[in-house]
Amino acid sequence: MIYDKRTGTKDDHRSAMAKLPFEKKLEQLVRMQTLAAALNPKIRAKYGDSIPWGKKEATT
Amino acid sequence: MSIIRDFEEAVKVLNDMVAEGVIEQYAIGGGVATMMHVEAIMTMDLDAFVEPTATASGLVSFERVFRYLSERGYDEFSNNCVLIEGIPVDFVPPDALAAEAVECAIPAIVGSTSFMVFRPEYLLAIYRKIRRPKDMAKADAIMKECPIDMDLADDIFRRHGVKWL
């Protein structure tokens with residue numbers, strides 16, 4: 001449970017996370033994908049360059 | 001982060017496909033649609049539910065979709081998904097339940113671009129129908145984390161023969 005200072009009420013943490021803007025959730029998803037690819041070779045092998053999502057910047 | 005811009009560009013391509021008559025309509029289902037209604041969850045592709053074109057032989061095909069994408073330079077595939085702006089998009093032919101979910105989809109916004117997503121009541125029904133452990137977990141998250149129109153959900157479950165438990 002987390003405490004909401006503005007309303008003086010307690011809110012369930014997951015419900016609060018659910019209310020985040022979609023853009024924030026997309027950023028969280030990409031962090032999760034990056035971590036999963038770093039930690040799990042099976043995910044790396046299966047999804048390769050398609051994770052994390054997003055157009056890859058050219059590196060020279 | 002560029003992911004927001006890339007995602008926005010990817011859904012713009014889907015919107016363009018509707019505007020240019022390549023497809024009649026689409027709606028996003030699966031993990032991304034779920035994420036609109038609950039906290040961020042892990043997913044590996046963007047499920048775009050699109051009615052495929054029926055061919056003369058009776059088979060259905062996404063050939064028109066893939067040809068359009070190829071002409072725009074999106075011809076790279078990863079795990080059966082076409083990469084649009086680096087987002088793996090899985091074009092999924094809907095069954096009766098998902099087809100209704102497409103018809104009743106609601107608009108969502110990323111950046112300044114609107115796109116169509118499944119309502120939570122339909123996601124709930126689809127997950128309860130498929131019933132894999134990961135689907136049941138997503139169904140539980142929807143029940144706990146977002147407001148559900150229970151009358152609508154009950155009607156969808158009844159008409160499509162989906163069990164609540």
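Along chain B, the exposed loop sites are trypsin sites (Lys or Arg not before Pro) outside DSSP states H, G, I, E and B with at most 14 other Cβ atoms within 10 Å, and the longest stretch free of them is B:1-71. Taking every Cα-Cα distance in the protein assembly as shown and sorting them into 10 Å bins from zero, the calculated P(r) comes out as 8, 31, 35, 21, 5, 1, 0 percent.
For the segment B:26-34, counting C-beta atoms of other chains within 10 Å of every residue's C-beta and taking the mean gives 1.
As a proxy for reagent exposure, ranking B:T55, A:T34, B:T34 by other Cβ atoms within 10 Å from fewest up yields B:T55, A:T34, B:T34. Give the residue from B:I148, B:Y74, B:T53 lying farthest towards the positive end of the charge dipole for the protein assembly as shown; charges sit on Cβ (+1 for Lys and Arg, -1 for Asp and Glu) and the dipole is referred to the Cα centre. About the Cα centre, the residue reaching furthest to the positive side is B:I148.
Rounded, prolate or oblate: which one fits region B:28-121, using the alpha carbon gyration tensor with axes a ≥ b ≥ c (rounded when a/c is under 1.5, else prolate when a/b beats b/c, else oblate)? Since a/c reaches 1.5 but b/c is at least a/b, the shape of region B:28-121 is classed as oblate.
Calculated mean residue ellipticity, 222 nm, the protein assembly as shown: -14500 deg cm²/dmol, from DSSP H runs (n ≥ 4) at -39500 (n - 2.57) each, averaged per residue and rounded to 500. Taking every DSSP beta bridge that has both ends in chain B, the antiparallel portion is near 75%. The mean number of Cβ atoms from other chains found within 10 Å of a Cβ in peptide A:21-32 is 6, as a whole number.
Per-peptide packing, taken as the mean over residues of other Cβ atoms within 10 Å, places B:42-53, B:93-104 in the sequence B:42-53, B:93-104 from highest down. Using only alpha carbons, chain B has a radius of gyration to Kirkwood radius ratio (Rg to Rh) of 0.97. Number of Lys-Lys pairs in chain B with C-alpha atoms under 17 Å apart and a separation of 8 or more places or on different chains: 5. For region B:64-165, the list of chymotrypsin sites (Phe, Trp or Tyr not before Pro) that fall in a loop by DSSP and count at most 12 other C-beta atoms within 10 angstrom reads B:W164.
Where a number appears in this text, it was derived from the coordinates with a stated rule and is not lab data. Everything numeric here is computed off the predicted structure, so don't read it as measured data. Note: ideal-geometry Cβ built from the backbone for every residue, glycine included; neighbour counts use all protein chains shown.
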